[in-house]
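A short write-up of the structure that comes next.
The values are calculated or read from the model by the stated rules, or taken from the named source; none is laboratory data. Computed from a predicted model, the values in this text were never measured in an experiment. Here Cβ is always computed from backbone atoms with ideal geometry, including for glycine, and neighbour counts include all displayed protein chains.
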């Protein structure tokens, strides 16, 4: 009995990021493709950054999710070099959760950051290195809150104004 | 900017779940209590990061090395955030907080006053200590009345949860591994069970100000007990022995009862007199002094850019 591709897709898409337990890898733009051929499943992921310590866990969770779907045989999970992940792959609903629940912002095309707490643009970078490889540390002078900002790829950051 | 006309009014505000922000005119007692708590947390993240750093070159395999690298960055990043929030309370500047830490004048959590003697210790820390820290942080987050701290805690808790999952995986590898691996973890458990339990702090004072100011939500003892109820059976099921000769399971109450606790080691860490306190503080101080040239270079570069822009 072959697995239902939609069920496989749904199961894999619902895997949550280990560090944002209420956000799925799909919402975060990490799920590139799910292919089902007979009983075999192939999942392609785009990591936010290489060297992310959660990747192994995400791979295992994706594999477990796919294997739990009736009829699934072999599961292969690959991490893609291309296309590269970028913050604009994050779904709008997830952006709202990142802002409201986690005080995490995404830099606008003009390089500005809007404070998720008070809405001010007086947000200046304090360190390129946040607690995770995918985030930097900024600070809102208007409301005195630290804000973390999702990092672009290296090429993207070099291109910033 | 909010003001309150009396302490009683402020306390009702907290009672109703009110969140205090940096610009508010908060009572001095509240400001000091919150500052000391955040300073302790910031110091602990910095000292913890320096402890993790030791194992980057020694981790068994690339996957574990990556975990330790990431965990080190995680703790230093948290320290950075917490020192920023602490400094905004205008009790001490960041420079003053660091000076106090490196001179042994301010505190950091007991668990960072111990040496890590084997990889098993790293696993014990990732499994036991991070779990204790997570429980303590969740208890603070539940009620936390100070806005900027509460917002950071949300992320810290999410990250700590991830560390715990990694800790569980690391523990399973040893528990289901060779006899040597099993024995290594048992030796580590013998060393780390009590420090992990004592992370929750000494026996509760009935008038803990941190409960009054809606920073803590539960007493130290309640958190400690909950932890024992969860981890004593879990570790026992994995085939390990908890190093508490008085620990027993009461079949009637269906509870695990601890033996008598020796609090002397905890109080020793408060006076920087733990087994590895002096060396750890020395390492932290030297790390700061040795990187003065980096800060000087960054400041000079910033000044030059500002001059060029002028």
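State whether one or more residues within segment B:133-146 are under 25 Å from residue B:238 (Cα atoms), in contact (Cβ under 8 Å) with a residue 60 or more places away in the chain and surrounded by fewer than 23 Cβ atoms within 10 Å (Cβ to Cβ).
Among the residues of segment B:133-146, at least one is under 25 Å from residue B:238 (Cα atoms), in contact (Cβ under 8 Å) with a residue 60 or more places away in the chain and surrounded by fewer than 23 Cβ atoms within 10 Å (Cβ to Cβ), which makes the answer yes.
Give segment B:186-215 a look and list any residue that's farther than 18 Å from residue B:130 by Cβ, at pLDDT 90 or above and in a loop (DSSP other than H, G, I, E, B), or say none.
B:202, B:203, B:213 - these are the residues of segment B:186-215 that are farther than 18 Å from residue B:130 by Cβ, at pLDDT 90 or above and in a loop (DSSP other than H, G, I, E, B).
In segment B:115-126, is there at least one residue being under 18 Å from residue B:284 (Cα atoms) and more than 14 Å from every other protein chain (Cβ to nearest Cβ)?
yes
For segment B:198-252, which residues satisfy the criterion of being over 28 Å from residue B:153 (Cβ atoms), crowded, with 16+ Cβ neighbours inside 10 Å and without any contact (Cβ under 8 Å) to a residue 40 or more places away in the chain?
Result: B:247, single match.
Residue under question is residue B:265, and the condition is that it be in a loop (DSSP other than H, G, I, E, B) and either surrounded by 15 or more Cβ atoms within 10 Å (Cβ to Cβ) or touching a helix residue (DSSP H, G or I) at 6+ places or on another chain (Cβ under 7 Å) (or both); does it hold?
No; evaluated as a whole, the condition is false for this residue.
Is it fair to say residue B:81 is in contact with a strand residue (DSSP E or B) (Cβ under 6 Å, 6 or more places away or on another chain), part of a helix (DSSP H, G or I) and buried (at least 22 other Cβ atoms within 10 Å of the Cβ)?
Yes; evaluated as a whole, the condition is true for this residue.
If residue B:164 satisfies all but one of (1) in contact (Cβ under 8 Å) with a residue 24 or more places away in the chain; (2) surrounded by fewer than 21 Cβ atoms within 10 Å (Cβ to Cβ); (3) away from chain A (no Cβ under 11 Å), what's the number of the condition it fails?
Only one criterion in (1) in contact (Cβ under 8 Å) with a residue 24 or more places away in the chain; (2) surrounded by fewer than 21 Cβ atoms within 10 Å (Cβ to Cβ); (3) away from chain A (no Cβ under 11 Å) is unmet by residue B:164, namely (3).
Those residues that are touching a helix residue (DSSP H, G or I) at 6+ places or on another chain (Cβ under 9 Å) and within 10 Å of another protein chain (Cβ to nearest Cβ), I need them from segment B:128-148; list them, please.
B:148
Taking segment B:23-36 as the region of interest, how many residues are in a loop (DSSP other than H, G, I, E, B) and at pLDDT 95 or above?
Here the count works out to 4.
Please specify each residue of segment A:62-110 satisfying the condition of being part of a helix (DSSP H, G or I), free of Cβ contacts under 8 Å to residues at least 60 places away in the same chain and over 15 Å from the mean Cα position of the chain (by Cα).
Of everything in segment A:62-110, those that are part of a helix (DSSP H, G or I), free of Cβ contacts under 8 Å to residues at least 60 places away in the same chain and over 15 Å from the mean Cα position of the chain (by Cα) turn out to be A:63, A:64, A:65, A:66, A:67, A:100.
Being in contact (Cβ under 8 Å) with a residue 12 or more places away in the chain and outside any helix (DSSP H, G or I) is the filter; apply it to segment B:1-16 and report the residue that is nearest to the other protein chains (Cβ to nearest Cβ).
Result: B:1.
Give the residues of segment B:84-100 that are facing chain A (nearest Cβ under 9 Å) and in a loop (DSSP other than H, G, I, E, B), sorted by residue number.
none
Return yes or no: is residue A:106 surrounded by 14 or more Cβ atoms within 10 Å (Cβ to Cβ), farther than 18 Å from residue A:13 by Cα and more than 14 Å from chain B (Cβ to nearest Cβ)?
Spelling it out, residue A:106 is indeed surrounded by 14 or more Cβ atoms within 10 Å (Cβ to Cβ), farther than 18 Å from residue A:13 by Cα and more than 14 Å from chain B (Cβ to nearest Cβ).
Which one is nearest to the other protein chains (Cβ to nearest Cβ), of the residues in segment A:6-28 that are part of a strand (DSSP E or B) and under 11 Å from the mean Cα position of the chain (by Cα)?
Filtering segment A:6-28 for residues that are part of a strand (DSSP E or B) and under 11 Å from the mean Cα position of the chain (by Cα), the one nearest to the other protein chains (Cβ to nearest Cβ) comes out as A:20.
Any idea how many residues of segment B:93-127 are in contact with a helix residue (DSSP H, G or I) (Cβ under 7 Å, 6 or more places away or on another chain) and more than 29 Å from residue B:240 (Cβ to Cβ)?
Total meeting the criteria: 9.
Of the residues that sit in segment A:29-49 and are over 14 Å from residue A:98 (Cα atoms) and assigned to a loop (DSSP other than H, G, I, E, B), which one is nearest to the other protein chains (Cβ to nearest Cβ)?
Result: A:49.
Please go through segment B:270-286 and give me each residue that is assigned to a helix (DSSP H, G or I) and at pLDDT below 95, ordered by number.
The answer is B:270, and nothing else.
Is it true that some residue in segment A:79-90 is within 25 Å of residue B:151 (Cβ to Cβ), away from chain B (no Cβ under 14 Å) and surrounded by fewer than 17 Cβ atoms within 10 Å (Cβ to Cβ)?
Checked against the condition, which is being within 25 Å of residue B:151 (Cβ to Cβ), away from chain B (no Cβ under 14 Å) and surrounded by fewer than 17 Cβ atoms within 10 Å (Cβ to Cβ), segment A:79-90 yields at least one hit.
Against the conditions (1) modelled with pLDDT of 95 or more; (2) on the phi < 0 side of the Ramachandran plot; (3) in contact with a helix residue (DSSP H, G or I) (Cβ under 9 Å, 6 or more places away or on another chain), where does residue A:86 fall short? Just the number, please.
(1)
If a residue must be within 10 Å of chain B (Cβ to nearest Cβ) and either surrounded by 15 or more Cβ atoms within 10 Å (Cβ to Cβ) or farther than 21 Å from residue A:135 by Cβ (or both), how many such residues does segment A:50-60 contain?
7
Among the residues of segment A:120-139, are any more than 30 Å from residue B:20 (Cα to Cα), within 14 Å of chain B (Cβ to nearest Cβ) and surrounded by 14 or more Cβ atoms within 10 Å (Cβ to Cβ)?
yes
Of all residues in segment B:53-76, how many are touching a residue at least 40 places away in the same chain (Cβ under 8 Å) and more than 11 Å from chain A (Cβ to nearest Cβ)?
Count: 5.
Between A:149, A:117, which is touching a residue at least 24 places away in the same chain (Cβ under 8 Å) and more than 10 Å from every other protein chain (Cβ to nearest Cβ)?
A:149
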